[in-house]
Amino acid sequence: MNFDPSAQTVELVERLESFMDEHVYPNEARFFRESMELGPWAVWPVVEELKPLAREAGLWNLFLPESELGPGLSNVEYAPLCEVMGRSHLAPEVFNCSAPDTGNMEVLARYGTPEQQQQWLRPLLAGEIRSAFAMTEPAVASSDATNIESSIRRDGDDYVISGRKWYTTNATDPRCKIIIFMGKSDPTNPDRHRQQSMILVPKDTPGVTVIRPLPVFNFYGMPDRASEVEFDEVRVPGSNMLLGEGRGFEIAQGRLGPGRIHHCMRLIGLAERALEMMCRRTSQRVTFGRPISEQTVTLERIAESRIAIEQTRLLTLKTAHMMDTVGNREARREIAMIKIAAPNMACKVVDWAIQAFGAAGTNNDFGLAAAYATARLLRLADGPDEVHRNQLGALELRRHAGKPALEPHNVFVPDWG
């Protein structure tokens, strides 16, 4: 496998890094301040000011792989760009490359009808609106998505939707206009993976109530405006169904594969930023007569961080290569591995950076508290570690199934007299 970046990727990385230096990093303090002061129900002006600049710079919708709707990058080509954007919480939305909009746009591009694409995909691609994804429920263990209890009931030409969702990202955003909702349309189907459907629900439909924003480690709105939403007898036209009844799991697998690798790519950038900050901070601070960077424990943590980041990057690039060449299904073992490895790696590196900063690492003046909240959240989002470990373990056992039982070696024992 050759992971050398293409000429297009090299050129885009250079332009991205220049934009980050000129526009993103200098505005991070303002971004954190606005997200805290204005809260999760508001539009944060700094984001809206920078988005037109990113679009003018040709750094827009970079995420859609091999699509005429974007630059047509493969997953391997997009990986370094996503890593650069992951260095800042502000960056992904500025480039129209933030979750859950990226996943929702991919769903609409892949599974939407021409009418659905015209009504919802086009304004999302233009950055004119935002979207939400409603899957997780408070009443059931949503790590097993077959537990979903929300209902999608056919009634004449319409569907009627009921249920309570939470960690519905983006729902408090006033620009959020469309929600992709997953619920059971055929709860008695003997195939538990054919019971669910996904359907488009305009947020302003009667019966949709955004109950509250949900804090993530006491961060409201940042990083992803997690929300709790009630759907009470919400009526939408039958044409809002995505792909067809009973195909919700099929859509979910198509959506979550790219979503998971995007998260992992961004986490690598986040960890790189934390390591850079750890190196700079410990070189500038002196304890007991010498820089903290010269303490053995610090050198060890810096070295271990570098190893962990490089390992995770290589595994993520291998996964991206497999997704590009053999498809998401064949790459599911690798996708599970990176979804376990990347958040745990980022948690460790960011935690060590917080330790190096001392108390200053916990107050978010340097963005490390938000970085840790993001990394820790992603050990749960898009499937918790335990689910991916179980899947990975089962796939590994399947590789060796049917092989003969191992027998002990008949080792020669010498006679030592």
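We did not get these values from a lab; they are worked out from the coordinates using the rules stated. Keep in mind it's a predicted model, so treat the numbers as computed, not measured. When we count neighbours, we look across all protein chains shown, and the Cβ atoms used for this are built from the backbone with ideal geometry, even at glycine.
What share of the DSSP beta bridges in the chain is antiparallel, in percent to the nearest 5? Could you put the intermediate results ahead of the total?
Numbers: 30 of 36 bridges.
Antiparallel bridges: around 85 percent, rounded to the nearest 5.
Starting from the Cα-Cα distance between Glu37 and Asp186, subtract it from 0.36 nm times their residue separation and give me the gain in nm to one decimal. Before the final figure, lay out each step's value.
Working: separation 149, 0.36 × 149 = 53.64 nm, distance 4.42 nm.
Extra length from Glu37 to Asp186 when fully extended: 49.2 nm.
Please list the three semi-axes, largest first and in whole Å, of the ellipsoid equivalent to region 300-381, using sqrt of 5 times the eigenvalues of its alpha carbon gyration tensor.
Numbers: eigenvalues 168, 38, 13 Å².
Taking √(5λ) for each eigenvalue gives 29, 14, 8 Å, largest first.
Over all directions, what mean area does the Cα convex hull of region 305-349 project, stated in square nanometres?
On the way: hull surface 10.6 nm².
Mean orientational projected area (region 305-349, Cα hull): 2.7 nm².
For the chain, return all DSSP H helices satisfying: extent of Cα atoms along own axis at least 27 Å; mean Kyte-Doolittle hydropathy at least -1.0. Write out the running numbers ahead of the final one.
On the way: long enough: 248-284 (53 Å, -0.23); 296-325 (44 Å, -0.03); 332-357 (38 Å, 0.50).
What comes out of the filter, once short or polar helices are dropped, is 248-284, 296-325, 332-357.
With labels modelled as points extended 7 Å from the Cα through the Cβ direction, what inter-label distance (nm, one decimal) is found for Arg333 paired with Asn363?
5.0
Distance between the C-alpha centers of region 269-345 and region 200-264? Whole Å please.
31
Taking the Kirkwood radius as the inverse of the mean 1/r across Cα pairs, report the Rg/Rh of region 249-399. If you can, show how the numbers build up before the last one.
On the way: Rg = 17.4 Å, Rh = 16.4 Å.
Over the Cα atoms of region 249-399, Rg/Rh equals 1.06.
Could you give me D for the chain, from Stokes-Einstein at 10 °C and 1.306 mPa s, where the hydrodynamic radius is the Kirkwood radius over C-alpha pairs? Units µm² s⁻¹, please. Can you show the working numbers first?
Details: Rh = 22.8 Å.
Stokes-Einstein gives a translational diffusion coefficient of 70 µm²/s.
Please state the equivalent ellipsoid semi-axes for region 1-138: what are the square roots of 5 times the Cα gyration tensor eigenvalues, largest first, in whole Å? Kindly include the intermediate steps, with their values, before the conclusion.
Values: eigenvalues 106, 100, 37 Å².
Largest first, region 1-138 gives 23, 22, 14 Å.
Compute the length gained on full extension between Arg389 and Asp4: take 0.36 nm times their separation in residues and subtract their Cα-Cα distance, giving the result in nm to one decimal. Intermediate values should be presented prior to the final figure.
On the way: separation 385, 0.36 × 385 = 138.60 nm, distance 3.00 nm.
Full extension from Arg389 to Asp4 adds 135.6 nm.
Distances over 15 Å make up what percent of all Cα-Cα pairs in region 226-295? Could you put the intermediate results ahead of the total?
Values: 1836 of 2415 pairs.
That tail contains 76 percent of the Cα-Cα pairs.
By per-residue mean of other Cβ atoms within 10 Å, what is the highest-first order of 167-173, 22-28?
Details: 167-173: 25.9, 22-28: 16.3.
Ranking the peptides 167-173, 22-28 by packing returns 167-173, 22-28.
For the chain, how many pairs of lysine residues have a Cα-Cα distance under 21 Å, where the two are 8 or more positions apart or belong to different chains?
Numbers: Lys51/Lys177; Lys165/Lys177; Lys165/Lys184; Lys165/Lys203; Lys177/Lys203; Lys184/Lys203; Lys318/Lys339; Lys339/Lys348.
Value for the chain: 8.
Please identify, among His89, His400, His193, the residue showing maximal mean-square fluctuation in a Gaussian network model of the chain using a 10 angstrom Cα cutoff.
Greatest mean-square fluctuation among the candidates belongs to His400.
For Thr296 and Glu310, compute 0.36 nm times the residue count separating them, minus their Cα-Cα distance, and round to one decimal in nm.
Working: separation 14, 0.36 × 14 = 5.04 nm, distance 2.13 nm.
Computed gain between Thr296 and Glu310 is 2.9 nm.
So which trypsin sites (Lys or Arg not before Pro) in region 215-303 end up in coil per DSSP with only 16 or fewer other C-beta atoms within 10 Å? Walk me through the intermediate numbers first.
Numbers: sites: Arg225, Arg235, Arg247, Arg255, Arg260, Arg266, Arg273, Arg280, Arg281, Arg285, Arg301; in loops: Arg225, Arg247, Arg285.
Those that pass, being in a loop and sparsely packed, are Arg285.
How many percent of DSSP beta bridges within region 130-246 run antiparallel, rounded to 5? Write out the running numbers ahead of the final one.
Values: 28 of 34 bridges.
Percent antiparallel among DSSP bridges in region 130-246 is about 80.
Could you work out which residue, out of Leu38, Leu317, Leu125, moves most in a Gaussian network model of the chain, that is, has the largest mean-square fluctuation with Cα springs under 10 Å?
The residue that fluctuates most here is Leu38.
Would you kindly work out the equivalent ellipsoid of region 130-246 from its C-alpha gyration tensor and give its semi-axes, the square roots of five times the eigenvalues, largest first in whole Å?
Working: eigenvalues 111, 57, 23 Å².
Ellipsoid semi-axes (Å, largest first): 24, 17, 11.
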